[in-house]
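Have a look at the structure below before the remarks.
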Amino acid sequence: MPLFSQTQGNPAHPALVFLHGFLGSHQDWFETIEQLKNNFYCISLDLPGHGHSVTTVSPLQGGFASCHRLIKNALDDLQLQKYVLIGYSLGGRIALDYARTQNDTRIQGLLLESCHSGLISGSEKELRYKHDLQWAKRFATQSVSDSLYEWYEQDIFSDLSTEQKDRVIEKRSHNYGVCLANMLLSTSLAKQSDALPFMLSCGLPVYYCFGEKDKKFKQLSTRFSAANIQVTEFFGLGHNLHQQDPLQYAQFIQQHFSE
């Protein structure tokens, strides 16, 4: 089954392809796209096992490669000639690995929001896989609601208030735990190749964005020192920039990707 995609705007305008994060869907970009659709052709995809995409990926069948094939098929079906690839968190990691591996000359730039470029050492990858395996077991064996409450207690979401967490959890509770577990293991950071060399040498314009309150990715951003990489800190925000301040995020896109 193909990935679900939603298109908004005029196909004659510059194309933007949006990839959401783990637990999300194409709807996460709604407020941002509302600000952009008059000047851009906006395509938001549901990643495997998320939203309206009923297709799933298996950790035994090369999760990143499977995701890339599905994304490429969706973009081919839309007959895009060129586009900017935008990804948040897991979607950013998938976008980065897609650009690194697919040799898709249609990509005109990358906007990476709060995402990791990849682990380097084998010991780091082993620890990360054990961590992801524990979360996958939770998603597969207990209620989605219980798993979500535990998920949003992680330090990376510490900037969210209790009320904000409750709203996010309610929004995410439609997901199916086994599908999430498969996706989590299939696209684990432990299985992602280190993309920093690609980022530094690819020649594409790369925009890396993080929130002031997101200490983990603020520290990670110090690795990205190259002429083609623009690192931007969004002040007063945390991990999820485009949902915390969609207007500022849309203005950033408008500033950098308008023709």
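What the table shows:
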{"item": "Extended-chain gain in nm, criterion 0.36 nm per residue less alpha-carbon gap, HIS174 and LEU133", "result": "12.6 nm"}
{"item": "GNM result for the chain, Cα springs below 10 Å: residue of LEU70, LEU220, LEU16 fluctuating most strongly", "result": "LEU220"}
{"item": "Length-normalised contact order of region 86-153 in % [C-alpha pairs under 8 Å, at least 6 apart]", "result": "29 percent"}
{"item": "Percent of Cα pairs exceeding the 29 Å cut-off, where the set is the chain", "result": "25 percent"}
{"item": "Neighbour net charge for SER44 - beta-carbon separation under 13 angstrom, K R +1, D E -1", "result": "-3"}
{"item": "Residues with amide H under 5 Å from that of GLN108, placed H, sequence gap 5 or more", "result": "TYR83, VAL84, LEU85"}
{"item": "Amide H partners (placed H, <5 Å) of GLN230, local residues excluded", "result": "VAL206, TYR207, TYR208"}
{"item": "Cα Rg over Rh - region 86-185, Kirkwood", "result": "1.01"}
{"item": "Rounded to whole Hz, the Karplus (6.51, -1.76, 1.60) HN-Hα couplings of region 212-224, x for glycine and proline", "result": "4, 7, 8, 5, 4, 7, 5, 5, 4, 4, 5, 7, 9"}
{"item": "Distance violations [Cα-Cα > 31 Å] among LYS82/LYS215; LYS72/LYS165; LYS37/LYS125; LYS125/LYS215; LYS82/LYS213", "result": "LYS82/LYS215; LYS72/LYS165; LYS37/LYS125; LYS82/LYS213"}
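Here, each number is a calculation from the coordinates, and none is a lab measurement. Here the structure is a predicted model, which means the values were calculated and not measured. Positions of Cβ are generated from backbone atoms using ideal geometry, with glycine treated the same way; all protein chains shown enter the neighbour counts.
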